[in-house]
Amino acid sequence: MPARANIINDMSPGQLIGDARRRHGLTQTQLAARARTSQAAISRIERDLVSPSVATLASLLDLMNEELVLETRAVDWGHDETLLENNLGRTADERFRRGVSFSRWVERNRGIAQRR
């Protein structure tokens with residue numbers, strides 16, 4: 001990832017376009033001329049009154065020599081997948097018995113940590 005890249009989670013497409021436009025010292029009218037559209041159309045995007053498609057967003061950024069980079073990543077939910085896979089390899093009866101056993105262990109040990 002380039003040094004300048006930022007991960008932006010809460011930025012709307014309008015904010016992204018507006019920030020890029022200002023960074024390049026362009027007015028809405030100048031960007032609209034490059035995009036062969038109206039200043040009002042750019043304004044509606046920047047005010048989030050309309051949501052541009054990814055293709056339109058990429059095109060507007062390209063006109064300002066910027067690249068839209070989208071990516072996906074697997075979410076780490078904090079689950080141990082090997083334990084899940086092992087559990088799914090057990091029969092329903094085995095899973096039930098393990099669950100009951102764990103429940104009894106919890107009942108026996110409830111409050112031990114608080115007593116120490």
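The values are calculated or read from the model by the stated rules, or taken from the named source; none is laboratory data. Remember, predicted model here, so these are calculated numbers, not experimental data. FYI the Cβ positions are ideal-geometry reconstructions off the backbone, even for glycines, and counts take in every protein chain you see.
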Residue match in the range 33-45 (condition: touching a helix residue (DSSP H, G or I) at 6+ places or on another chain (Cβ under 9 Å), at pLDDT 95 or above and at positive phi): no
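Residues checked against (1) part of a helix (DSSP H, G or I); (2) surrounded by fewer than 12 Cβ atoms within 10 Å (Cβ to Cβ); (3) on the phi > 0 side of the Ramachandran plot; (4) not assigned by TED's automatic domain parsing to the domain that holds Ala32:
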position: Leu57; (1), (2), (3), (4): yes, no, no, no
position: Val69; (1), (2), (3), (4): no, yes, no, yes
position: Arg73; (1), (2), (3), (4): no, yes, no, yes
position: Val100; (1), (2), (3), (4): yes, yes, no, yes
Qualifying residues in the range 6-55 (those that are of a type in the set (D, E, K, R) and assigned to a loop (DSSP other than H, G, I, E, B)) - the one nearest to the chain's Cα centre (by Cα): Asp10
Residue in the range 11-29 that is farthest from Pro52 (Cα to Cα), counting only those that are of a type outside the set (Gly, Ala, Ser) and surrounded by 16 or more Cβ atoms within 10 Å (Cβ to Cβ): Leu26
